[in-house]
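Colleague: First the structure, then my questions, so here it is.
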Protein chains: 2
Amino acid sequence: MKQISSRFSVAVHILSLIAVSTKECTGDYIAGSVNTNPVIIRKIMGNLKKAGLVDVRPGVGGASLLKAPDEITLLDVYRAVDVVDEGQLFHVHDGPNPDCPVGGSIEAALRAEFAEAQAAMERRLEKTTLAQLAMQFKSSS
Amino acid sequence: MKQISSRFSVAVHILSLIAVSTKECTGDYIAGSVNTNPVIIRKIMGNLKKAGLVDVRPGVGGASLLKAPDEITLLDVYRAVDVVDEGQLFHVHDGPNPDCPVGGSIEAALRAEFAEAQAAMERRLEKTTLAQLAMQFKSSS
DNA sequence: CTCCGTTGTAACCATTTTAGTTACTTCCGT
DNA sequence: ACGGAAGTAACTAAAATGGTTACAACGGAG
């Protein structure tokens with residue numbers, strides 16, 4: 001039973017670290033906190049950069065946020081790391097028999113339902129900002 | 001980028017077929033409508049049976065519903081086929097560095113957020129019944 | 001201007017999961 | 001008892017993930 005890639009949670013970790021930490025946030029430093037390989041971090045940083053969430057340049061160490069922590073939602077991160085395609089969280093079996101009353105029309109009906117369920121989840125992600133998460137880290141450190 | 005198993009959509013297909021069809025619903029007949037292997041159908045039927053949604057016995061052909069179509073929600077099916085573990089839709093990376101302000105507390109915070117997002121999706125699935133879907137098939141056939 | 005640390009990528013591997021398939025056993029009504 | 005149907009184990013092929021090594025490209029400090 002498969003799960004949504006941990007790229008998402010790692011990305012949130014990265015952004016939180018940049019938001020909270022006073023040190024220089026190099027890929028290797030972040031990798032140490034996340035406990036993974038630096039290349040994994042670089043790949044995800046690439047996603048975050050492409051989405052305009054962070055500034056990171058080759059050669060120079062230390063990433064920084066491009067938006068205020070209270071303007072970055074979990075949905076922004078989720079979209080940035082591209083862990084779930086638009087409307088494709090659920091896999092609808094394809095090629096049902098069109099000669100069958102059910103087979104002919106179930107696909108469209110299911111896609112509509114599933115898209116709504118997925119949208120409900122994404123709306124919930126949109127409600128939480130990086131700032132809200134970061135608050136919890138600071139107070140407990 | 002991985003999706004939720006098509007077992008879910010196939011299961012909905014199966015139940016819809018049983019609800020709508022007047023014929024005997026044998027595994028092979030269903031497999032023809034879904035366009036897959038009969039064994040796949042049998043496995044999923046096993047899940048549905050375990051969940052108390054359908055009656056199917058070895059030896060005798062033809063499955064039947066154990067609950068009214070308007071009392072079976074998509075959430076019931078989703079749980080029956082066990083495509084997503086309880087609160088585990090998202091994969092939270094494990095083993096973050098506890099000596100880091102973020103690493104120490106991000107795991108719990110993320111799990112809470114993700115559990116809520118997942119719950120939002122599941123609540124949406126709960127709102128649609130098999131009867132609502134079946135209506136669409138009948139009218140278009 | 002030349003190092004050296006850092007980022008950007010490509011290539012590759014091990015593991016896990018899924019869907020599908022074959023084969024065989026168990027069950028039941030005719 | 002026979003035949004059709006469900007139950008199940010075992011295996012395969014394909015895809016995705018996380019991880020790893022290796023190397024090129026970049027930029028600031030000396």
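The values are calculated or read from the model by the stated rules, or taken from the named source; none is laboratory data. All values derive from a computational prediction rather than experimental measurement. Positions of Cβ are generated from backbone atoms using ideal geometry, with glycine treated the same way; all protein chains shown enter the neighbour counts. Note: accessible area is taken over every heavy atom of the protein model, side chains too, but ligands, DNA and RNA are not part of it. Shrake-Rupley method; radii C 1.70, N 1.55, O 1.52, S 1.80 Å.
Colleague: Rank these by accessible area, largest first, 1.4 Å probe: B:Val84, A:Val39.
Modeller: A:Val39, B:Val84
Colleague: For B:Ala108 and B:Ser21, FRET efficiency with R0 = 45 Å and r from the beta-carbon atoms, rounded to 0.05?
Modeller: 0.40
Colleague: Per-residue ellipticity at 222 nm for chain B, helices alone: DSSP H runs ≥ 4 residues times -39500 (n - 2.57), over residue total, nearest 500 deg cm²/dmol?
Modeller: Here the helix-only value at 222 nm equals -18000 deg cm²/dmol.
Colleague: Sticking with this structure for a sec: Pick out which of A:Val81, A:Val34, A:Val60 has the largest mean-square fluctuation in a Gaussian network model of chain A, springs linking Cα atoms closer than 10 Å.
Modeller: The residue with the greatest mean-square fluctuation here is A:Val60.
Colleague: Using 7 Å Cα-to-Cβ label points, what is the A:Ala131/B:Glu86 separation (nm, one decimal)?
Modeller: Computed distance between label sites A:Ala131 and B:Glu86 equals 3.6 nm.
Colleague: Moving on to the next point. Give me the distance between the Cα centres of segment B:65-141 and segment A:57-113, rounded to whole Å.
Modeller: Here the answer is 15 Å between Cα centres.
Colleague: For chain A, what are the DSSP H helices with axial Cα length of 15 Å or more and mean Kyte-Doolittle hydropathy of at least 1.6?
Modeller: A:7-20
Colleague: Hull surface divided by four, with the convex hull built on the Cα atoms of chain B: how many nm²?
Modeller: Its Cα hull, projected and averaged over all orientations, spans 10.5 nm².
Colleague: Another question about this same structure. For B:7-18, what's the mean count of beta carbons from other chains sitting within 10 Å of each residue's beta carbon?
Modeller: 5
Colleague: Please average, across the residues of A:32-40, the number of beta carbons from any other chain that are within 10 Å of each residue's own beta carbon, and give a whole number.
Modeller: 4
Colleague: Determine the sum of side-chain charges near B:Asn35: Lys and Arg each +1, Asp and Glu each -1, restricted to other residues whose C-beta is under 13 angstrom from that of B:Asn35.
Modeller: Summing Lys and Arg as +1 and Asp and Glu as -1 gives -4.
Colleague: Over chain A, calculate the relative contact order: mean separation of alpha carbon pairs under 8 Å at least 6 apart, over the residue count, as a percent.
Modeller: Reported relative contact order: 28 percent.
Colleague: Just to confirm, what accessible area per residue do you get for chain A at 1.4 Å probe, in whole Å²?
Modeller: 47
Colleague: Treat every Asp and Glu Cβ in chain B as -1 and every Lys and Arg Cβ as +1, leave all other atoms uncharged, and give the resulting dipole magnitude about the Cα centre to the nearest 20 debye.
Modeller: 680
Colleague: Could you please state how large a percent of the accessible area of the protein assembly as shown is carbon and sulfur, counting protein chains only and using a 1.4 Å probe?
Modeller: It is 48 percent, rounded to a whole number.
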